[in-house]
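Comments concern the structure below.
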Amino acid sequence: MTTQQGSDDRPRTDSGTEAGADSGTDRGVHERAAGNALLRADEVIAGYVPGVNILNGCDFYVDDGELVGIIGPNGAGKSTLLKAIFGLIKVSSGTITLRGEDITGQKANQLVTKGVGFVPQTNNVFPSLTIEENLQMGVFQAPKKFKQSFEFVTGLFPALGDRRAQRAGSLSGGERQMVAMGRALMMEPSVLLLDEPSAGLSPALQDEVFVRTRQINRAGVSVIMVEQNARRCLQICDRGYVLDQGRNAYTASGKDLSNDPKVIELYLGTLAKA
Ligand SMILES: Nc1ncnc2c1ncn2[C@@H]1O[C@H](COP(=O)(O)OP(=O)(O)OP(=O)(O)O)[C@@H](O)[C@H]1O
Ligand SMILES: [Mg+2]
């Protein structure tokens with residue numbers, strides 16, 4: 001079932017039907033479904049400049065073991081939602097909860113020690129440092145973890161172990177992305193936030209990123225993945241959210257979203273027909 005959500009000016013189907021529900025019902029659906037969530041956001045309002053809200057009341061959750069995708073047009077607030085969850089911008093209203101604990105307003109370094117990992121959209125490696133040093137940065141708050149975590153990460157990404165002495169700045173875009181993911185995985189997080197991991201990569205490398213992401217998820221890490229390659233993202237995720245103008249627009253399983261005619265028309269465009 002695809003659930004349509006959001007502001008009243010959106011086209012919507014009859015409340016409670018297979019194809020959609022009104023926004024009041026949707027909060028109820030979220031409330032009920034998110035009861036045992038690992039990480040959840042409720043009615044989050046946030047932005048960068050006082051008085052200018054970018055997120056206008058977002059609901060979101062990820063369960064233990066899930067891979068959840070977030071798609072939507074440029075400027076929809078996808079990165080902003082990840083930054084709000086990870087304590088990089090101020091949440092002016094609403095709550096973020098991790099395993100039932102209110103973590104709203106907690107800083108990124110605190111969240112990392114609580115099992116939240118984040119790979120930003122850009123500038124996500126230290127180019128002058130080697131691969132190994134980049135991975136060390138991932139455990140700077142718990143250096144004793146290095147050996148065990150290095151084994152875990154190089155088990156997932158063997159190339160990072162083989163090339164541990166190479167400077168990250170000399171790597172290809174795809175390899176850098178692996179380093180960035182590897183760094184975030186060094187604390188062995190329970191949930192990993194990925195912002196556009198396939199952006200700027202060749203189709204073959206994009207595919208590798210999706211395969212790797214699924215592999216990380218299968219290794220027991222819950223994943224929240226923001227992606228511009230919406231169709232591919234929906235293929236691999238358990239559930240997806242469409243964000244539009246800082247609000248939830250639709251949510252459903254990845255499969256249902258990618259087959260929903262309204263989602264195809266509004267958000268998947270010609271890609272969906274390819
Ligand atoms: N540091 C910032 N300061 C002020 N406004 C910002 C900042 N970063 C983003 N914004 C604004 O917030 C809005 C949402 O941006 P955001 O980066 O969350 O979008 P997005 O959905 O991730 O888009 P994209 O697909 O292009 O990455 C945009 O209007 C953007 O201009
Ligand atoms: Mg973004």
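Every number in this text was worked out from the coordinates using simple rules, so none of it is lab data. This one's a predicted model, so the numbers in the text were calculated from it and none came from an experiment. A quick note on method: Cβ atoms are made from the backbone with ideal geometry, for glycine too, and the neighbour counts reach across all protein chains shown.
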- Item | Kirkwood Rh in Å, taken over all unlike Cα pairs in segment 151-274 | 15.6
- Message: Quick one: 3J(HN,Hα) in Hz for segment 66-77, Karplus 6.51/-1.76/1.60 with θ = phi - 60°, rounded, Gly and Pro as x.
- Response: 7, 10, 10, x, 10, 10, x, x, 4, x, 5, x
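Please give the peptides 76-84, 31-39 ranked by average Cβ packing (other Cβ atoms within 10 Å per residue), highest first, as a rough proxy for protection. Intermediate results must be reported in sequence, preceding the final value.
Details: 76-84: 23.9, 31-39: 16.1.
Sorting 76-84, 31-39 by mean packing, highest first, produces 76-84, 31-39.
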- Between Rg and the Kirkwood Rh of the chain, both from Cα atoms, what is the Rg to Rh ratio? 0.97
- Among the Cα-Cα pairs of segment 47-123, the proportion with separation greater than 17 Å, in percent, is 47
- Query: Which of the helices in the chain meet the span-like rule: DSSP H, Cα axial reach of 20 Å or more, Kyte-Doolittle mean at least 1.0?
  - Reply: none
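I'd like the chymotrypsin sites (Phe, Trp or Tyr not before Pro) in segment 139-219 restricted to DSSP loop residues with at most 13 other Cβ atoms within 10 Å, sorted by number. Before the final figure, lay out the partial values.
Details: sites: Phe140, Phe146, Phe150, Phe152, Phe210; in loops: Phe140.
Here the sparse-neighbourhood loop sites are Phe140.
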- Message: Could you tell me how far the Cα centroid of segment 39-62 sits from the Cα centroid of segment 84-140, in Å?
- Response: 17
- Please list 175-187, 195-207 highest first by mean number of surrounding beta-carbon atoms within 10 Å per residue. 175-187, 195-207
- Task: Using only Cα positions of segment 29-174, each an equal point scatterer, no hydration layer, compute I(q)/I(0) via Debye at q = 0.12 Å⁻¹ and quote the log10 values to two decimals.
- Result: -0.62
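Taking square-rooted eigenvalues a ≥ b ≥ c of the alpha carbon gyration tensor, is segment 161-215 rounded, prolate or oblate, where a/c under 1.5 means rounded and, failing that, a/b exceeding b/c means prolate? Don't skip to the answer; put the middle values down first.
Values: a/c = 1.82, a/b = 1.04, b/c = 1.75.
Cα axes put segment 161-215 in the oblate bin.
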- If you take every DSSP beta bridge whose two residues both sit in the chain, what share of them, in percent to the nearest 5, is antiparallel? 60
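Could you work out the local net charge near Asp238, counting Lys and Arg as +1, Asp and Glu as -1, over the other residues with Cβ closer than 9 Å to its Cβ?
Details: positive: Arg239; negative: Asp63, Glu66.
Taking every other residue near Asp238 into account, the sum is -1.
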- Note on the structure: Which of Lys90/Lys145; Lys78/Lys255; Lys78/Lys145; Lys78/Lys262; Lys114/Lys144 exceed 24 Å between C-alpha atoms? The answer is Lys90/Lys145; Lys78/Lys145
